[in-house]
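Asker: First the structure, which I've put down as structure tokens, then a few questions once you've had a look.
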Amino acid sequence: MGNRGWQGSPPADDEEARERIIDAAMRCIDRYGSSKTGLSDVAAELGVTRQTVYRLFPSTEDLFRAVGREAADGFVDLLVSRLDNASDPGEMLVESFAYALERLPKERYLGLLLVSGREAAYSRGVTSSVAFDFAHSMLARMDVDWAGLGFTEQDLDELVEVFLRLLQSFALDPGKPRTRAEMRAFLRRWLVPAIERISAG
């Protein structure tokens, strides 16, 4: 890395540069909001040129996805803690979906991974490898023996895809207003039978 910019303290390598850019992006999002934050704002925050940020993050969406990825682990920790006393995989999936739907609009950084507020970017990102990794991590950390229940890797991939596509649909167009209990009852009616069919072999 060069010695110019970075407020007089250049990063040791690209990995450190990426971390500092992500941290700066979070500060800018806190200050301006995600819809008004761009690469130029992040560059100014760091005291570098826009091209320096662009070299590691070719677009604002790339940077926002990286910010979302940073937030994903903490979100999954919270979700898993909510499921600590649950044992039924169908109920776990229902609660995971309902909680994600409730929390994502309030999760300033994680929302950038799935609900950026930019419909075109969200539509592309919902089935991205980053989003899939997030959802797979969520399933893997549930206290469920998916293989023991008869789920193959393909089954889990398809479950993740359905989960993300449903989340996309509800996030972009909530449709009929539902209470927390009504939403869970709706999800229970349509998601749990699919889990049970696979578990039954």
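Asker: Can you tell me the length gained on complete extension of the stretch ARG103 to LYS36, counting 0.36 nm per residue apart and subtracting the Cα distance?
Answerer: Answer, rounded to one decimal: 22.0 nm.
Asker: With the dipole of region 67-199 worked out from charges on the C-beta (+1 for Lys and Arg, -1 for Asp and Glu) around the Cα centre, which of MET183, ALA140, LEU79 lies farthest toward the positive end?
Answerer: Final value for the positive-end residue is MET183.
Asker: Given a Förster distance of 35 angstrom, what is the FRET efficiency for SER9 paired with SER129, based on the Cβ-Cβ distance and rounded to 0.05?
Answerer: Here the calculated transfer efficiency is 0.60.
Asker: In square nanometres, what is the average projected area of the Cα convex hull of the chain?
Answerer: 12.5
Asker: R0 = 35 Å: FRET efficiency of ARG27 with LEU172, Cβ-based, nearest 0.05?
Answerer: 0.80
Asker: Which length gain, in nm to one decimal place, applies between ARG18 and ARG82 when the Cα-Cα distance is subtracted from 0.36 nm times their residue separation?
Answerer: Extending this stretch completely gives an extra 19.9 nm.
Asker: About the Cα centre, and with charges only on the beta carbon of Lys, Arg (+1) and Asp, Glu (-1), how big is the dipole of the chain? Nearest 20 debye, please.
Answerer: The dipole of the chain has a size of about 940 debye.
Asker: How many nm is it between the label spots at GLU161 and ASP73, if each spot is 7 Å from the Cα in line with the beta carbon?
Answerer: 2.9
Asker: Rounded to the nearest 0.05, what FRET efficiency is calculated for VAL192 and ALA140 with R0 set to 25 Å and r the Cβ-Cβ distance?
Answerer: My answer for the efficiency is 0.80.
Asker: Turning to a different aspect of this structure: Counting only C-alpha contacts under 8 Å and six or more residues apart, can you give the relative contact order of the chain as a whole percent?
Answerer: Dividing the mean separation by the residue count of the chain yields 20 percent.
Each reported figure results from applying straightforward, stated rules to the coordinates on display, with no laboratory input. Just so it is clear, the structure is predicted and the values come from calculations on it, not from any experiment. So basically every Cβ, Gly included, is an ideal-geometry build from the backbone, and we count neighbours across all protein chains shown.
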